[in-house]
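Asker: Handing you a structure now.
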Amino acid sequence: MSETSLRPPVPYTRYLNSTFSHASLMMLRRRRIVLAAVLSLSPLVIPLALAFLSEAAFSEDGNLIFVRLVEWLYLKAIAPLLALFFGCMLIGEDVELQTIPYLLTRPLPRSALVLGRFMAYLSISSTILVVSIAMVFAACTSVGNLSFSPETIELMAHYCAVAVLALLGYGAFAMFLGATTKHPIIFGILFTFGWQRIALYIPGMVDFITVEKYLMALLPKLATERENVVIRTALGEFQKQQLLIAGPKALAGLLIISGLFLGGTCLIVRWREYSAARAVAG
Amino acid sequence: MTPVIEAQTLSKWFGEVIAVNNLSLSIGSGVTGLLGPNGAGKTTFIKLALGLYGPSRGRLRVLGQTPRNNLGVLRRIGYCPEADKFYENMTGYEFVYWMNRFWGMMPAEARKKAEQACEIVKMSHRMDDVVSEYSKGMRQRIKVAQALATDPELLFLDEPMSGLDPEGREELFALIRKLGEEGRTVIFSTHILYEVERVTNTVVLLHNGCVLAEGDVHQIRDLIDEHPHAVTIACSEPHRMAAYFIDNPATLNIEFSDGRVTVRTSDPNGFYKTLNRVILDERIEVASVTCPDDNLQSVFNYLVK
């Protein structure tokens with residue numbers, strides 16, 4: 001019996017730490033990270049342009065611009081895109097590059113592989129997104145009617161927290177897709193920008209099968225009501241009145257969805273025979 | 001003594017493709033060569049033993065336990081895959097280091113073991129270069145290094161000689177022999193009989209997912225030598241060349257095609273002696289001598305029949 005088999009068991013946190021560190025390193029070395037940062041910072045152009053174009057005809061409310069940018073761009077487009085960019089590759093890339101046998105032949109608990117990598121994704125993409133939102137906030141103060149007051153900073157922090165939750169929900173979904181399908185990006189885009197848009201227009205409770213529903217319920221209360229695009233029907237309105245979700249329920253819903261997808265990913269990684277398709281081809 | 005690997009009526013199929021078919025075998029400690037042509041089921045058998053696949057039917061035990069999703073078994077195993085796949089933006093050292101970390105080592109130990117493993121495979125001088133800049137042989141060495149770094153009891157090497165230069169092969173032959181002498185179990189797959197002969201006497205012959213034969217490698221070699229042997233000679237005067245073999249009782253058949261003559265003989269040693277003499281004495285210009293039959297396929301065909 002060799003020295004290795006006589007060693008004491010390795011604590012779970014050590015495996016978690018190793019997969020977290022490895023995934024962070026891999027993400028930071030990718031060119032994709034620059035692209036993600038550029039994408040995240042791109043809305044910054046809008047308040048800066050408006051600040052320079054200070055003619056009366058273009059005058060805008062800084063507060064309103066900030067809220068619109070975060071709600072329309074960051075939460076509905078940039079956060080899902082970042083999640084798809086990084087989430088799909090967390091397991092999917094190893095499958096595609098055929099490096100997964102190296103990982104699956106180590107005594108590494110599959111859940112530690114999934115969770116460590118997910119934590120790496122969440123910390124890096126959250127940093128990018130939070131820094132971008134903060135910079136957009138700062139830029140919006142130059143437009144007018146928005147300043148660094150405790151209330152507005154709290155508003156920004158609230159949006160940042162929702163953005164991180166968006167990365168959590170969409171990222172867990174994207175990671176699951178990466179572990180299960182060959183074309184996770186396509187399925188991810190179809191879900192995020194196809195299904196979620198359609199679900200909003202369908203009367204009834206279909207929109208509960210989206211991530212966006214829960215995110216929207218977590219947004220800060222605003223002076224003006226948000227536009228509601230749903231086609232209103234008596235049954236739909238009744239159902240929604242009965243099942244109105246407030247912040248805590250929405251947060252719980254989002255956490256449950258994320259947990260289900262992460263748990264599903266752990267099971268898939270544990271049981272799927274990843275190189276079986278290639279074995280058949282060979 | 002308990003076998004290290006024991007398979008009973010083991011089968012694995014992927015859809016309609018049967019990769020391993022009703023295979024029963026027992027492998028003990030020491031070095032064992034898994035020999036077979038492409039598609040014989042060598043890699044599938046190794047992946048079953050690693051727990052990457054679950055058996056479709058039958059039973060498989062590795063180190064006394066079922067290997068599928070068994071972290072305790074994986075802790076005692078090293079694996080060098082056949083596929084030439086890496087994290088290309090890492091250095092060779094980093095690759096081995098992270099594989100050690102995934103094994104459960106602390107950073108300091110992972111660093112030390114990675115350096116040692118790179119030294120064993122003679123990659124210390126290039127270990128800080130990015131993997132994408134390595135030659136095929138260097139990549140192969142790093143793959144072997146990551147398998148060795150954790151000091152495994154049982155080592156699976158899937159086509160480990162692939163891409164290695166002659167010097168690298170000799171070093172790896174010596175290393176495998178040494179590991180076997182240390183009491184470890186090394187299972188390596190190849191489709192080249194010569195590679196098995198260089199490191200072990202124990203061989204398992206696989207064909208179409210079945211065990212065709214197992215035991216002493218020299219018996220396989222004798223079988224090859226007994227089997228009709230074809231040699232193709234590309235030369236300036238094929239008919240004149242053929243004349244020196246036509247009367248030999250060991251010659252079974254002679255064919256001509258496009259400046260070549262193919263001689264089928266039951267006495268390869270006698271044939272090569274005659275060929276050498278003809279080339280030297282008769283001054284027939286020879287462009288190439290190839291042995292289309294000097295591989296396992298003919299023996300497999302023969303055994304299957």
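The values are calculated or read from the model by the stated rules, or taken from the named source; none is laboratory data. Note that the structure is a prediction, hence the values are computed from the model and not measured. Note: ideal-geometry Cβ built from the backbone for every residue, glycine included; neighbour counts use all protein chains shown.
Asker: What is the number of the single condition among (1) over 29 Å from B:I142 (Cα atoms); (2) of a type in the set (S, T, N, Q); (3) in contact with a Gly (Cβ under 7 Å, 6 or more places away or on another chain) that B:T190 does not meet?
Answerer: Of the numbered conditions (1) over 29 Å from B:I142 (Cα atoms); (2) of a type in the set (S, T, N, Q); (3) in contact with a Gly (Cβ under 7 Å, 6 or more places away or on another chain), the odd one out for B:T190 is (1).
Asker: Looking for whichever is under 16 Å from A:A172 (Cα atoms), more than 14 Å from chain B (Cβ to nearest Cβ) and not small (G, A, S) here; the options are A:L41, A:L84. Which one fits?
Answerer: Unique residue meeting the criteria: A:L84.
Asker: For the stretch A:264-278, indicate whether the set of residues that are away from chain B (no Cβ under 14 Å), at pLDDT 85 or above, surrounded by 13 or more Cβ atoms within 10 Å (Cβ to Cβ) and under 15 Å from the mean Cα position of the chain (by Cα) is non-empty.
Answerer: So far as the stretch A:264-278 goes, no, none of its residues is away from chain B (no Cβ under 14 Å), at pLDDT 85 or above, surrounded by 13 or more Cβ atoms within 10 Å (Cβ to Cβ) and under 15 Å from the mean Cα position of the chain (by Cα).
Asker: Which helices (runs of 4 or more DSSP H) sit wholly inside the stretch A:1-102 and have at least 1 residues that are in contact with a Leu (Cβ under 6 Å, 6 or more places away or on another chain) and at pLDDT below 90?
Answerer: Filter on the stretch A:1-102 gives A:62-68.
Asker: Is it the case, given these coordinates, that B:S24 is part of a strand (DSSP E or B) and either of a type in the set (A, V, I, L, M) or away from chain A (no Cβ under 14 Å) (or both)?
Answerer: yes
Results for (1) within 31 Å of the chain's Cα centre (by Cα); (2) farther than 16 Å from B:S288 by Cβ; (3) in a helix (DSSP H, G or I), shown as yes or no for each residue.
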{"residue": "B:A234", "(1), (2), (3)": "yes, no, no"}
{"residue": "B:R240", "(1), (2), (3)": "no, yes, yes"}
{"residue": "B:Y244", "(1), (2), (3)": "no, yes, yes"}
{"residue": "B:N248", "(1), (2), (3)": "no, yes, no"}
{"residue": "B:N253", "(1), (2), (3)": "no, yes, no"}
{"residue": "B:F256", "(1), (2), (3)": "no, no, no"}
{"residue": "B:R264", "(1), (2), (3)": "yes, yes, no"}
{"residue": "B:G270", "(1), (2), (3)": "yes, yes, yes"}
{"residue": "B:T274", "(1), (2), (3)": "no, yes, yes"}
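Asker: Something else now. Do we find that A:D94 is surrounded by fewer than 23 Cβ atoms within 10 Å (Cβ to Cβ) and among the acidic types (D, E) in this structure?
Answerer: So A:D94 fails the test.
Asker: Filter the stretch A:109-128 down to residues that are buried (at least 23 other Cβ atoms within 10 Å of the Cβ) and hydrophobic (A, V, I, L, M, F, W, C), then give me how many there are.
Answerer: 3
Asker: Is it the case, given these coordinates, that A:P184 is closer than 20 Å to A:I33 by Cα and buried (at least 20 other Cβ atoms within 10 Å of the Cβ)?
Answerer: yes
Asker: Quick one: which helices (runs of 4 or more DSSP H) lie wholly within the stretch B:52-132 and hold at least 2 residues that are among the hydrophobic types (A, V, I, L, M, F, W, C), in contact with a Phe, Trp or Tyr (Cβ under 8 Å, 6 or more places away or on another chain) and more than 7 Å from every other protein chain (Cβ to nearest Cβ)?
Answerer: Hits in the stretch B:52-132: B:107-120.
Asker: Any idea which of (1) touching a strand residue (DSSP E or B) at 6+ places or on another chain (Cβ under 7 Å); (2) surrounded by fewer than 17 Cβ atoms within 10 Å (Cβ to Cβ) is the one B:H229 doesn't satisfy?
Answerer: That leaves (2) as the condition not met.
Asker: Let me ask something else about it. Restricting attention to the stretch B:67-97, which residues are over 30 Å from B:H125 (Cβ atoms) and within 25 Å of the chain's Cα centre (by Cα)?
Answerer: B:P67, B:R68, B:V73, B:L74, B:R75, B:R76
Asker: Still on this structure: So which residues in the stretch B:27-42 are buried (at least 24 other Cβ atoms within 10 Å of the Cβ) and at the interface with chain A (Cβ under 10 Å from one of its Cβ atoms)?
Answerer: Scanning the stretch B:27-42 gives a single hit, B:G41.
Asker: Starting from the stretch A:17-31, keep only residues that are at the interface with chain B (Cβ under 8 Å from one of its Cβ atoms), then list their pairs with residues that are of a type outside the set (S, T, N, Q) whose Cβ atoms are within a distance under 6 Å, requiring at least 6 positions of separation or different chains.
Answerer: A:S18/B:R101; A:S18/B:F102; A:T19/A:A112; A:T19/A:L113; A:T19/A:G116; A:T19/A:R117; A:H22/B:W98
Asker: Let me ask something additional. Would you pick out the residues in the stretch A:99-108 that are of a type in the set (S, T, N, Q) and more than 26 Å from the chain's Cα centre (by Cα)?
Answerer: Once the filter is applied, which keeps residues that are of a type in the set (S, T, N, Q) and more than 26 Å from the chain's Cα centre (by Cα), the stretch A:99-108 yields only A:T105.
Asker: Now a separate question. Here are B:A287, B:A243, B:A250, B:A234: which of them is touching a Gly at 6+ places or on another chain (Cβ under 9 Å), loosely packed, with under 15 Cβ neighbours inside 10 Å and either modelled with pLDDT of 85 or more or aliphatic (A, V, I, L, M) (or both)?
Answerer: Residue meeting the stated conditions: B:A287.
Asker: From the list B:A83, B:A40, B:A114, which residue is modelled with pLDDT of 95 or more, in contact with a helix residue (DSSP H, G or I) (Cβ under 9 Å, 6 or more places away or on another chain) and of a type in the set (G, A, S)?
Answerer: B:A114
Asker: Another question, then. For B:V217, work out the one condition from (1) at pLDDT below 85; (2) surrounded by 18 or more Cβ atoms within 10 Å (Cβ to Cβ); (3) out of contact with any Asp or Glu (no Cβ under 8 Å at 6 or more places or on another chain) it doesn't fulfil.
Answerer: Exception for B:V217: condition (3).
Asker: So, B:N69, is that one out of contact with any helix residue (DSSP H, G or I) (no Cβ under 7 Å at 6 or more places or on another chain) and under 22 Å from A:Y274 (Cα atoms) or not?
Answerer: No: the conditions fail for B:N69.
Asker: Which condition breaks for A:L103 when tested against (1) more than 30 Å from B:A49 (Cα to Cα); (2) within 14 Å of another protein chain (Cβ to nearest Cβ); (3) buried (at least 16 other Cβ atoms within 10 Å of the Cβ)?
Answerer: (1)
Asker: Could you check the stretch B:133-163 and list, in sequence order, the residues that are part of a loop (DSSP other than H, G, I, E, B), under 21 Å from B:T43 (Cβ atoms) and either out of contact with any Ser or Thr (no Cβ under 9 Å at 6 or more places or on another chain) or away from chain A (no Cβ under 12 Å) (or both)?
Answerer: Selection gives B:E159, B:P160, B:M161, B:S162, B:G163.
Asker: Restricting attention to the stretch A:202-218, which residues are part of a loop (DSSP other than H, G, I, E, B), crowded, with 16+ Cβ neighbours inside 10 Å and more than 15 Å from the chain's Cα centre (by Cα)?
Answerer: Answer for the stretch A:202-218, where residues must be part of a loop (DSSP other than H, G, I, E, B), crowded, with 16+ Cβ neighbours inside 10 Å and more than 15 Å from the chain's Cα centre (by Cα): just A:P203.
To keep it simple, each residue is scored yes or no on (1) in a loop (DSSP other than H, G, I, E, B); (2) more than 24 Å from the chain's Cα centre (by Cα); (3) of a type in the set (G, A, S); (4) more than 14 Å from chain B (Cβ to nearest Cβ).
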position	(1), (2), (3), (4)
A:A112	no, no, yes, no
A:G116	no, no, yes, no
A:N145	yes, yes, no, yes
A:I153	no, no, no, yes
A:M156	no, no, no, yes
